[in-house]
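S.K.: Would you mind keeping the following structure in view while I ask a few things?
The values are calculated or read from the model by the stated rules, or taken from the named source; none is laboratory data. Keep in mind that this is a model prediction, so the values were computed, not measured. Please note: Cβ atoms are built from the backbone with ideal geometry, for glycine as well, and neighbour counts cover all protein chains shown.
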Amino acid sequence: MLSHFRRLAAGLCLGAIAAASPAAAADYYQGKRLTVLINFAAGGPTDIEGRLFARHVIKQLPGATGVIVQNIDGGGGATGTNFIGEVAPKDGTVIGYLTGSAWRYVTIKERSRVDFLSYNMIAYQPGTTVYYARSNIEPGLKVATDLMKAKNIVVGGLTADSSKDLLERLCLDMLGLKYKYVTGYTSNANARLALQRNEINLFAESPPGYISVIAPGLVASGEAVPLFYDPGWNGLRFSTPAQAKDLNMKPFHEFFREATGRDPDGQLWKTYKQALAINAAMQRLVAFPPGTPKPAIDAMREAIRKMATDPEYAADAMKTVGFVPDYEAGDNVQSEVVNALTIPSEDRDFIADYIARGQMK
């Protein structure tokens, strides 16, 4: 595997020669080709959004010769994230389009040989996760709250320490449901196929996959039932993420209230909100390797800001994912990410123990 990464790194370096002297941000990409590295497999939500990002951001980099997309999946996103920090060229020609990296830093930052906070954070995009289940879970689901009567729930995940798996388990545990937990699917697309084969019967993913595959397919045919979505949370109040505005379901806290007759509370609820504040606020991170030249950083942030005002990007986004991804790409992104990825040690310990218990299921 490592030899594969080294060969890939060598390939990425071809045609990507670092500037010998400082260059103005405006023409930094003159004659250069950009590689957008996505840390999940092709066909999943991260890949769908990442390819949308790649084909439009390149238009805002004057003189760039083109863009290629490279998927490096595995380890719940860790493999691709580590590649960015440990192997990728540090000249601005390779940028990571990453999911789950912020939350992984909070829970298992010791796994990477490069401190994630040393990466050059360029932009982030808030997001949400949509939960759905097969309608044939015993004794049968017709509406979302029928989940409370369900037997033999089998929830699928990517890795026990990923934010997706953590949020799935937290929701089901708060609801007091018994379930079997099956993790290790290498991508959302693979887990989705497992649900279609009835190997698992409950899953969660971000809106692009749900809107493009699940809603028009399994939900429309009656094979699946939408359950709820993760709301936005800024530490003070809940909000409705842009991606969720047209979804036919409630946010989790409202679903919980309808299903149980009370409001969620306790340590699991606290951990759920911490996960939302980090993972939902920074569901997608756009990052350069440590040591990337400042002109490349400035040029990329400016390109993302210009992309946001491009009507062609908005039209393509609506056609592809059903909403327009809104990136935060200001000059304070680095400090905002660093500040967000700090939680009390006692909460970190609880999360580590909760993850460990999931690995034993």
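S.K.: Regarding ASP316, is this residue acidic (Asp, Glu) and free of Cβ contacts under 8 Å to residues at least 24 places away in the same chain? Spell out how you get there, then give the answer.
M.R.: On the way: acidic (Asp, Glu): yes; free of Cβ contacts under 8 Å to residues at least 24 places away in the same chain: no.
Criteria not met by ASP316.
S.K.: If you check PHE83, PHE53, which single one turns out to be aromatic (Phe, Trp, Tyr), in contact with a Leu (Cβ under 9 Å, 6 or more places away or on another chain), more than 20 Å from ILE278 (Cα to Cα) and touching a residue at least 24 places away in the same chain (Cβ under 8 Å)? Please lay out each step first, then the result.
M.R.: On the way: PHE53 fails: in contact with a Leu (Cβ under 9 Å, 6 or more places away or on another chain).
Within the list PHE83, PHE53, the selection yields PHE83.
S.K.: Going through the stretch 62-98 one residue at a time, which ones are assigned to a strand (DSSP E or B) and either buried (at least 22 other Cβ atoms within 10 Å of the Cβ) or of a type in the set (Ser, Thr, Tyr) (or both)?
M.R.: Result: VAL94, ILE95, GLY96, TYR97, LEU98.
S.K.: Filter the stretch 165-217 down to the residues that are acidic (Asp, Glu) and under 17 Å from the mean Cα position of the chain (by Cα), then identify the one that is modelled with the highest pLDDT.
M.R.: GLU168
S.K.: Considering the stretch 321-332 alone, what residues qualify as being closer than 28 Å to GLY43 by Cα and either over 17 Å from the mean Cα position of the chain (by Cα) or part of a loop (DSSP other than H, G, I, E, B) (or both)?
M.R.: Passing the criteria: GLY322, PHE323, VAL324, PRO325, ASP326, TYR327, ALA329.
S.K.: Condition first: within 21 Å of VAL333 (Cα to Cα) and in a helix (DSSP H, G or I). Now tell me which residues in the stretch 235-292 satisfy that.
M.R.: The answer is ALA242, GLN274, ALA275, LEU276, ALA277, ILE278, ASN279, ALA280.
S.K.: Something else about it: Among the residues of the stretch 35-42, is there at least one that is in the same structural domain as ALA303 (by TED's automatic domain parsing), surrounded by 23 or more Cβ atoms within 10 Å (Cβ to Cβ), modelled with pLDDT of 95 or more and assigned to a strand (DSSP E or B)?
M.R.: Yes, there is a match, as at least one residue in the stretch 35-42 is in the same structural domain as ALA303 (by TED's automatic domain parsing), surrounded by 23 or more Cβ atoms within 10 Å (Cβ to Cβ), modelled with pLDDT of 95 or more and assigned to a strand (DSSP E or B).
S.K.: Could you run through the stretch 2-34 and say how many residues are modelled with pLDDT under 90, in a loop (DSSP other than H, G, I, E, B) and touching a helix residue (DSSP H, G or I) at 6+ places or on another chain (Cβ under 8 Å)? Let's see the steps before the verdict.
M.R.: So in the stretch 2-34, the residues modelled with pLDDT under 90 come out as 2-26.
If we keep only those that are in a loop (DSSP other than H, G, I, E, B) too, we end up with 14-24.
Those left that are additionally touching a helix residue (DSSP H, G or I) at 6+ places or on another chain (Cβ under 8 Å): 19, 22-24.
Summing the residues that are modelled with pLDDT under 90, in a loop (DSSP other than H, G, I, E, B) and touching a helix residue (DSSP H, G or I) at 6+ places or on another chain (Cβ under 8 Å) in the stretch 2-34 gives 4.
S.K.: Taking the stretch 124-176 as the region of interest, how many residues are in a strand (DSSP E or B) and of a type in the set (A, V, I, L, M, F, W, C)? Give the derivation first.
M.R.: From the stretch 124-176, those in a strand (DSSP E or B) are 124-125, 130-134, 153-156; that's our starting set.
If we keep only those that are of a type in the set (A, V, I, L, M, F, W, C) as well, we get 130, 133, 153-155.
Selection size over the stretch 124-176: 5.
S.K.: Hey, another quick one. All but one of (1) surrounded by fewer than 20 Cβ atoms within 10 Å (Cβ to Cβ); (2) over 11 Å from TYR132 (Cβ atoms) hold for VAL219, so report the exception by its number.
M.R.: Among (1) surrounded by fewer than 20 Cβ atoms within 10 Å (Cβ to Cβ); (2) over 11 Å from TYR132 (Cβ atoms), VAL219 violates only (2).
S.K.: For LEU172, state whether it is closer than 16 Å to LYS250 by Cα, assigned by TED's automatic domain parsing to the domain that holds THR240 and surrounded by fewer than 22 Cβ atoms within 10 Å (Cβ to Cβ).
M.R.: yes
S.K.: Answer yes or no as to whether ASP263 is of a type in the set (D, E, K, R) and without any contact (Cβ under 8 Å) to a residue 12 or more places away in the chain. Before the answer, list the steps.
M.R.: Working: of a type in the set (D, E, K, R): yes; without any contact (Cβ under 8 Å) to a residue 12 or more places away in the chain: yes.
Yes: the conditions hold for ASP263.
S.K.: Follow-up. Given the condition farther than 18 Å from THR99 by Cβ and of a type in the set (Asp, Glu), answer yes or no: does some residue in the stretch 159-169 qualify?
M.R.: Taking the stretch 159-169 as the starting set, the residues that turn out to be farther than 18 Å from THR99 by Cβ are 169.
Narrowing the set further to residues that are of a type in the set (Asp, Glu) leaves none.
The answer is no, given that none of the residues of the stretch 159-169 is farther than 18 Å from THR99 by Cβ and of a type in the set (Asp, Glu).
S.K.: Here is a further query. May I ask you to verify whether ASN188 is closer than 25 Å to ARG357 by Cα, touching a residue at least 60 places away in the same chain (Cβ under 8 Å), touching an Asp or Glu at 6+ places or on another chain (Cβ under 6 Å) and crowded, with 23+ Cβ neighbours inside 10 Å?
M.R.: Answer is yes for this residue.
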